[in-house]
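Reviewing the structure listed below.
The values are calculated or read from the model by the stated rules, or taken from the named source; none is laboratory data. Note that the coordinates shown come from a computational prediction; the quantities given were computed from them, not determined experimentally. Here Cβ is always computed from backbone atoms with ideal geometry, including for glycine, and neighbour counts include all displayed protein chains.
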Amino acid sequence: MGKSANKSLENQREFAPAISPEAREAQISSLAYDLVEQRIRDGTATSQETTYFLKLGSPQQKLEVEKKKKEIELLEAKTEAIKAEKRMEEVYMEAINAMRLYQGIGGEENDEEL
């Protein structure tokens, strides 16, 4: 066995079998990061690998990641607002139906007319 093959066997980590495709993807991603890290340390990384990690650590990339997080938060807030609005509509309809019932105007058969 060559020196590099022996070295790679020594660095292998044992992973439990993945329980989902997402977990498997995380395992493979972790292995790929470890491999590229070792190649950078050895000076054998490709220019693409080096450039990827340079960009990953740049201030601009960090701002883009933060922007994406804020966009996700905004979408979640909008979704919650829509759900809350729908709940309020349901509460108003129940209140209107209760008032009608109290006044003797409507009953269950009139609910479909609204």
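A quick yes/no check of all residues on (1) surrounded by 12 or more Cβ atoms within 10 Å (Cβ to Cβ); (2) among the polar types (S, T, N, Q); (3) touching a strand residue (DSSP E or B) at 6+ places or on another chain (Cβ under 9 Å):
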site	(1), (2), (3)
PRO17	no, no, no
GLU22	no, no, no
ALA32	no, no, no
ASP42	no, no, no
ALA45	yes, no, no
THR50	yes, yes, no
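Listed here are the residues, each with its yes/no results for (1) in a helix (DSSP H, G or I); (2) surrounded by 10 or more Cβ atoms within 10 Å (Cβ to Cβ); (3) modelled with pLDDT of 95 or more.
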position	(1), (2), (3)
LYS55	yes, yes, no
ILE72	yes, yes, yes
GLU80	yes, yes, yes
ILE105	no, yes, no
